[in-house]
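See below for the structure under consideration.
The values are calculated or read from the model by the stated rules, or taken from the named source; none is laboratory data. All values reported here derive from a predicted model rather than from experimental measurement. So basically every Cβ, Gly included, is an ideal-geometry build from the backbone, and we count neighbours across all protein chains shown. Note: areas computed on protein heavy atoms with side chains; ligands, DNA, RNA excluded. Shrake-Rupley method; radii C 1.70, N 1.55, O 1.52, S 1.80 Å.
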Amino acid sequence: MKSTDHQINHASDVYSAQEMARFRQQGLWRDAVLTDFLTRHAADRPQSTAIVTDGGRRISWRQLADSVDRLAAGFIALGLRP
């Protein structure tokens, strides 16, 4: 693992190419990000429960994806970028 004292924007800012290759070979990493997982589940099982709140409210994968999209749009509207 690399030491870093700057902003981390990508795994390569922290891990060497050899480490990343080993992680992929061991099945620890996939070339996908969290939003890929969310989008796939929202498409494959939109009405299935993704989250149950402390109060017992059930949130479907579609509802969760829609909420994440709205939050991302709000961040972009504020000028935030990756």
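A few notes on this one:
- Subset of the stretch 28-52 (residues that are modelled with pLDDT of 90 or more and small (Gly, Ala, Ser)): ALA42, ALA43, SER48, ALA50
- Residue within the stretch 11-18 that is loosely packed, with under 12 Cβ neighbours inside 10 Å and part of a strand (DSSP E or B) present: no
- Within the stretch 56-82, considering residues that are open to solvent by 80 Å² or more (accessible area, probe 1.4 Å) and in a loop (DSSP other than H, G, I, E, B), the one farthest from HIS10 (Cα to Cα): ARG57
- Among residues of the stretch 28-55 being polar (S, T, N, Q) and within 30 Å of ALA17 (Cβ to Cβ), the one that is surrounded by the most Cβ atoms within 10 Å (Cβ to Cβ) is THR39.
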